[in-house]
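Asks: There's a structure below that I have some questions on.
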Amino acid sequence: MKNWLFMCKSIVLFVLLTLVAGNLYAQQNNRATLDDKYKWDLSDLYSSDEDWRAAMEEITKKLEQVEQLKGSLTQSADNLLKALQYNTSISKEASKLYIYASMNSDLDSRDSKYNGMKQELRHLFSTFGAKAAFIEPEILGAGWPTVETFIKDEPKLEIYRVPLENMFRTQKHSLSEAEERIMALSGMISGTPSSVYNTFRNAEMPSPEVTLSNGEKLKVSSAEYSKFRASDNRTDREIVFRAYWNNFAQYKATYGEMLSANVKTDLFRTEARHYESSLEASLYPNNIPVDVYHSLVDNVNKNLPAFHRYLEIKKRMLAVDTLKYLDLYAPVVKNIDLNYSYDEGSKLVIEALKPLGKEYVSTVEKAINERWIDVYPTEGKVTGAYSNGAFYDGHPFILLNYNDLYNDVSTLAHELGHTMQSYFSNKTQPYPTADYVTFVAEVASTFNEVLLFNHMIKTVDDDDVKLSLLMNWLDGFKGTLFRQTQFAEFELKIHEEAEAGKPLTGDSFSEIYSDIVKRYYGHDQGICHVDDYIAMEWAYIPHFYYNFYVYQYSTSFTASISLAEKVMSGDKKALKNYMDFLAAGSSDYPIELLKNAGVDMTTAEPFEKAIDAMNKVMDEIETILNKKGL
């Protein structure tokens, strides 16, 4: 079903791929013993499962009314308005229903009840989409001049102008009523690869057991892997890495079938809607040129020498003869543990965000104090972090797996960026334009990371602490700009292989991934040794099921650096432009929204500024290292 019709707020999980688990809460907690202030209060959605069920039954009845609209949509402006208002009311309630089921499921993916509730919703709305398949062809059949006249005659239709204009812009990819019905029904199965992946990886795949260098036995869950990849004990890192990835390799064929099925789903939509490529099918609805994607990949590959300089600095600071992939998350400054409890980390974030004004900061405090955030890892809880801003009449929610490391503080700032963009957009925009696309979403999150880094670096004088913070920020360039583009290149390649009719298997995914990761990390040049088992890392990344999602981390990172520099300089106009951007929702296309905010993503300038900023950080690190004689 096309976005304009079912304008349900995006229930996209902004998962931070570089999330690192840490010391105090590395072991998963017993949820029942955690203080409620660190857990979501989902009663803002529904007070109980019974209330959810009652709302589900009510919306099921309401959905039956859609067929009464058939044949009359464009007879008058009033008819069109009633149809769109009906859709808005359906969408709002559907969002609440899905959020409640989805987030409860995320708290314990072992519990099949909430997963079953999600399946009910998918089935219900696939059926609804099939019944409502007449709407788009009927409006398109009236022609834009007629619809535009309706908007002029009925002022209440103005809030629907943007989605209606976009529908006509993408008209050549719209189908007949019968074909749209089939596309809607395909929604019953199109999400299956992702669902199977999440269930298997988070709930059912067994974890390997290893014996660490001190004789301690350890079950290597994803949380433990995250903890030990940041360990200062290289022997333990090697033990954990080898066991973790070889365990994934045991299920290579299974993971291969999951991802292959997902790529085929994208290919089906591409061919059914007459796009030239899966990439175009993903970017065109938001009016983003495919050149933006290709330019990102090209620019990153041209600037791999800057990335290799970073790797050489890491090798120098670790004092190893050969830098290995398993060293990348290891602490580079000895005896400096940047550990912060959640309460301490929250205070740091609040201080860092003060340049954004009183309303911004007071809302962040409300999010922290009023249980918008589920903080700690618990058994069965999904890994990573995200913000969900789809509850239009309420407030956003954040999921964390906080482990007391500085990276977790940065993750909190990151997810609060998403939450605040949702908060301001929902507060400012009418429902049809309150949502925003991922291309702009990651700007708000990485912008907050920039503010946090600059706040931290200004408050320390100790060279070792400063080195640790500078390297952490440099790791952000690695994780957000280079690593995400590495993922984006892999995703593009596997879709191109499918489009060329080539088979996709666990083996072919591993071969493609290995070639890319070894090129990025300079394996053949002796920059960083990539062990063969890292070829399975593709199976670890849930974003490959999100349809060309990851490149937007990289583009947003470059945009946020440009925008943050202007705001931090005290430029009041830049601050106003940025706050207007946060409140803009989808009131314009993403490229235009960013231009209005002060950055043009169709040029190379934002990328070049990001590389300049990266080189400046590396210059500062090398100055300190030279001063210390390291």
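Asks: Would you be able to tell me the number of residues in the range 128-143 that are closer than 16 Å to Glu177 by Cβ and either open to solvent by 20 Å² or more (accessible area, probe 1.4 Å) or free of Cβ contacts under 8 Å to residues at least 40 places away in the same chain (or both)?
Replies: 6
Asks: Separate question: So, in the range 128-143, exactly how many residues are hydrophobic (A, V, I, L, M, F, W, C), in a helix (DSSP H, G or I) and within 13 Å of Asn87 (Cβ to Cβ)?
Replies: Within the range 128-143, residues that are hydrophobic (A, V, I, L, M, F, W, C), in a helix (DSSP H, G or I) and within 13 Å of Asn87 (Cβ to Cβ) number 3.
Asks: If you don't mind, another one. crowded, with 21+ Cβ neighbours inside 10 Å, of a type outside the set (Phe, Trp, Tyr) and closer than 19 Å to Gln484 by Cβ - does that describe any residue in the range 580-592?
Replies: Yes: one or more hits.
Asks: Restricting the range 415-467 to residues that are free of Cβ contacts under 8 Å to residues at least 60 places away in the same chain and among the hydroxyl-bearing types (Ser, Thr, Tyr), which is surrounded by the most Cβ atoms within 10 Å (Cβ to Cβ)?
Replies: Here the answer is Ser422.
Asks: Now a separate question. Looking at Leu16, Leu24, which one is modelled with pLDDT under 85 and surrounded by fewer than 15 Cβ atoms within 10 Å (Cβ to Cβ)?
Replies: The match here is Leu24.
A quick yes/no check of all residues on (1) over 30 Å from Tyr376 (Cα atoms); (2) in a loop (DSSP other than H, G, I, E, B); (3) without any contact (Cβ under 8 Å) to a residue 40 or more places away in the chain:
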| position | (1), (2), (3) |
| --- | --- |
| Glu93 | no, no, yes |
| Lys96 | no, no, no |
| Ser109 | no, yes, no |
| Ser126 | yes, no, no |
| Pro145 | yes, no, yes |
| Ile151 | yes, no, no |
| Leu164 | yes, no, no |
| Phe168 | yes, no, yes |
| Met188 | yes, no, no |
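Asks: It is to be established whether one or more residues within the range 556-566 are more than 21 Å from Leu481 (Cα to Cα) and surrounded by fewer than 19 Cβ atoms within 10 Å (Cβ to Cβ).
Replies: Scanning the range 556-566 turns up no residue that is more than 21 Å from Leu481 (Cα to Cα) and surrounded by fewer than 19 Cβ atoms within 10 Å (Cβ to Cβ).
Asks: Could you say which residue among Val517, Val530, Val550 is over 24 Å from the mean Cα position of the chain (by Cα) and open to solvent by less than 10 Å² (accessible area, probe 1.4 Å)?
Replies: When all the criteria are applied, what remains is Val530.
Okay, residues lined up against (1) at pLDDT 95 or above; (2) of a type in the set (Lys, Arg):
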site: His395; (1), (2): yes, no
site: Tyr406; (1), (2): no, no
site: Lys427; (1), (2): yes, yes
site: Pro430; (1), (2): yes, no
site: Thr438; (1), (2): no, no
site: Val450; (1), (2): no, no
site: Val465; (1), (2): no, no
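Asks: Scan the range 364-381 for residues that are buried (at least 18 other Cβ atoms within 10 Å of the Cβ) and either assigned to a loop (DSSP other than H, G, I, E, B) or over 22 Å from the mean Cα position of the chain (by Cα) (or both) and jot them down.
Replies: Residues satisfying the conditions are Arg371, Trp372, Val375, Tyr376, Pro377, Lys381.
Asks: Please go through the range 390-445 and pick out each residue that is assigned to a loop (DSSP other than H, G, I, E, B) and touching a strand residue (DSSP E or B) at 6+ places or on another chain (Cβ under 8 Å).
Replies: Phe391, Pro396, Leu400, Asp404
Asks: Which members of the range 539-567 meet the condition of being aliphatic (A, V, I, L, M) and within 30 Å of Val196 (Cβ to Cβ)?
Replies: Within the range 539-567, Ala539, Ile541, Val550 qualify.
Asks: Among the helices (runs of 4 or more DSSP H) confined wholly to the range 191-272, which include 1 or more residues that are within 28 Å of Tyr406 (Cβ to Cβ) and modelled with pLDDT of 95 or more?
Replies: 234-249
Asks: Using the structure shown, decide if Tyr329 is among the hydroxyl-bearing types (Ser, Thr, Tyr), open to solvent by 20 Å² or more (accessible area, probe 1.4 Å) and either within 23 Å of Phe453 (Cα to Cα) or part of a helix (DSSP H, G or I) (or both).
Replies: So Tyr329 passes the test.
Asks: Considering only the range 170-183, how many residues are of a type in the set (A, V, I, L, M), open to solvent by less than 70 Å² (accessible area, probe 1.4 Å) and in a helix (DSSP H, G or I)?
Replies: Count: 2.
Asks: What is the number of the single condition among (1) of a type in the set (A, V, I, L, M, F, W, C); (2) in contact with a Ser or Thr (Cβ under 6 Å, 6 or more places away or on another chain); (3) open to solvent by less than 10 Å² (accessible area, probe 1.4 Å) that Phe607 does not meet?
Replies: Exception for Phe607: condition (3).
Asks: For Gln75, only one of the following conditions fails: (1) modelled with pLDDT under 95; (2) open to solvent by 60 Å² or more (accessible area, probe 1.4 Å); (3) not in a helix (DSSP H, G or I). What is its number?
Replies: The number of the failed condition is (1).
Asks: From the set of residues in the range 333-363 that are closer than 18 Å to Ser410 by Cα and in contact with a Ser or Thr (Cβ under 7 Å, 6 or more places away or on another chain), which is surrounded by the most Cβ atoms within 10 Å (Cβ to Cβ)?
Replies: Per the stated criteria, the residue is Leu338.
Asks: Identify, from the list Ala613, Ala604, Ala539, the residue that is of a type in the set (Gly, Ala, Ser) and at pLDDT 95 or above.
Replies: Being of a type in the set (Gly, Ala, Ser) and at pLDDT 95 or above holds for just one of Ala613, Ala604, Ala539, which is Ala539.
Yes or no, residue by residue, for (1) of a type in the set (A, V, I, L, M, F, W, C); (2) touching a helix residue (DSSP H, G or I) at 6+ places or on another chain (Cβ under 7 Å):
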residue: Tyr551; (1), (2): no, yes
residue: Thr555; (1), (2): no, yes
residue: Ser562; (1), (2): no, yes
residue: Val567; (1), (2): yes, yes
residue: Lys573; (1), (2): no, no
residue: Lys609; (1), (2): no, yes
residue: Met614; (1), (2): yes, yes
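Asks: Taking Glu344 as the residue in question, decide whether it is out of contact with any strand residue (DSSP E or B) (no Cβ under 7 Å at 6 or more places or on another chain) and at pLDDT 95 or above.
Replies: yes
Asks: Assuming Asn87 fulfils every condition listed in (1) over 32 Å from the mean Cα position of the chain (by Cα); (2) open to solvent by less than 20 Å² (accessible area, probe 1.4 Å) apart from one, which condition is it?
Replies: Condition not satisfied by Asn87: (1).
Asks: Also: Out of (1) part of a helix (DSSP H, G or I); (2) under 22 Å from Asp111 (Cβ atoms), the odd one out for Ile350 is which?
Replies: Only one criterion is unmet by Ile350, namely (2).
Each row is one residue, and each column tells you yes or no for (1) modelled with pLDDT under 95; (2) polar (S, T, N, Q).
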{"position": "Ile99", "(1), (2)": "no, no"}
{"position": "Met103", "(1), (2)": "no, no"}
{"position": "Asp108", "(1), (2)": "yes, no"}
{"position": "Tyr160", "(1), (2)": "no, no"}
{"position": "Thr170", "(1), (2)": "yes, yes"}
{"position": "Ser176", "(1), (2)": "yes, yes"}
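Asks: For the range 468-507, which residues satisfy the criterion of being closer than 16 Å to Met317 by Cβ and open to solvent by 30 Å² or more (accessible area, probe 1.4 Å)?
Replies: Result: Asn472, Asp475.
Asks: Quick one: is Glu120 part of a helix (DSSP H, G or I) and either buried (at least 18 other Cβ atoms within 10 Å of the Cβ) or free of Cβ contacts under 8 Å to residues at least 60 places away in the same chain (or both)?
Replies: No: the conditions fail for Glu120.
Asks: Specify the residue that is surrounded by the fewest Cβ atoms within 10 Å (Cβ to Cβ); the eligible residues are those in the range 217-241 that are charged (D, E, K, R) and more than 21 Å from Val382 (Cα to Cα).
Replies: Lys217
The values are calculated or read from the model by the stated rules, or taken from the named source; none is laboratory data. Just so it is clear, the structure is predicted and the values come from calculations on it, not from any experiment. Cβ: placed from backbone, ideal geometry, glycine included. Neighbour counts: every protein chain shown. Each accessible area value is taken on the protein alone, full model and side chains, heavy atoms only, with ligands, DNA and RNA left out. Shrake-Rupley method; radii C 1.70, N 1.55, O 1.52, S 1.80 Å.
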